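Peer 1: Okay, here's the structure, questions in a sec.
Where a number appears in this text, it was derived from the coordinates with a stated rule and is not lab data. Predicted model, so just to flag it, every value in this text is computed and none were measured. Quick reminder, even Gly has a Cβ in these numbers, built from the backbone with ideal geometry, and neighbours come from all protein chains shown.
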Amino acid sequence: MKSPDPAQPSLPDVARLRPRQQMAMECALCARPLGGSGRVLGEVRHRGLLFRLWVCLRDCHR
């Protein structure tokens, strides 16, 4: 089992995200619009569905 990376932020609770954050239109951490840029934070399952969460390309202003 791999131990969590302390430099990697923890994944947010999908149920608490706004729909635009769930659909990768906005950053999953700070809710800024991603536009054509962003990076994958991680993947989580919620109610049996897989969500790929995206965050700002560079420094996220949480």
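Peer 1: Tally time: how many residues in region 13-31 are within 15 Å of Leu57 (Cα to Cα) and either of a type in the set (A, V, I, L, M, F, W, C) or exposed (fewer than 14 other Cβ atoms within 10 Å of the Cβ) (or both)?
Peer 2: 7
Peer 1: Which pairs do you get when a residue that is under 18 Å from Ser10 (Cβ atoms), found in region 33-62, comes within reach of a residue that is surrounded by fewer than 10 Cβ atoms within 10 Å (Cβ to Cβ), reach meaning Cβ atoms under 7 angstrom, with the pair 6+ apart or on two chains?
Peer 2: Glu43/Leu50; His46/Ala15
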